[in-house]
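Report on the following structure.
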Amino acid sequence: MLKALKILEGNRGIALLITISVTTILVAAVLEYNRRARFAIISTAAVRDHLTLSNMATSGVYVAMALLVKDRSESDFDSLQEDWANPEKINEILQEITFEKENYPSRLPMNRAKSRSMRWCLFRTAAG
């Protein structure tokens, strides 16, 4: 019995060591989660910006192609006095283009969702 008490007397700081170890592990886990969440947010914004700029560039190419097709059908020669070479005329044409935003959330297949959780996910996505 005396031996058992001597062993317990030597372990007075074990609770402090366990507390510090658990705290260190929790801090490391929180910092890693924060890093991953921040990376996800930044990469999502980068993908959004990439898609937006890619669509804008594609639209500009199609407008330029339409101008060149129109020029080809109207004349057989090219000069710098034509519409495709005039920045004011290009701005005027771009101002005439109207953009319509379609209601994409109504296109989600709410009735085809198999599970309740999938319906909830689609509902949350549609709600914005």
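Throughout, read-outs are computed from the coordinates displayed, never taken from laboratory work. Quick caveat, the model's predicted, so the values are computed rather than measured. Cβ placement follows ideal geometry from the backbone for every residue including glycine, while neighbour counts extend to all protein chains displayed.
Order these by the 10 Å Cβ neighbour count, fewest first: GLU82, GLU32, GLU96.
Result, fewest neighbours first: GLU96, GLU32, GLU82.
Summing charges over neighbours of ILE93, with a neighbour being any other residue whose Cβ is under 11 Å away from its Cβ, gives -2 when K and R count +1 and D and E count -1. Comparing Cα centroids, the stretch 48-64 and the stretch 66-94 end up 20 angstrom apart. For the stretch 49-93, the set of chymotrypsin sites (Phe, Trp or Tyr not before Pro) satisfying both a DSSP loop assignment and a count of at most 13 other C-beta atoms within 10 Å is given as PHE77. The calculated pair-distance distribution of the stretch 9-72 uses every alpha carbon pair, bins of 10 angstrom beginning at 0, and gives 18, 18, 15, 14, 12, 9, 6, 5, 2, 1 percent.
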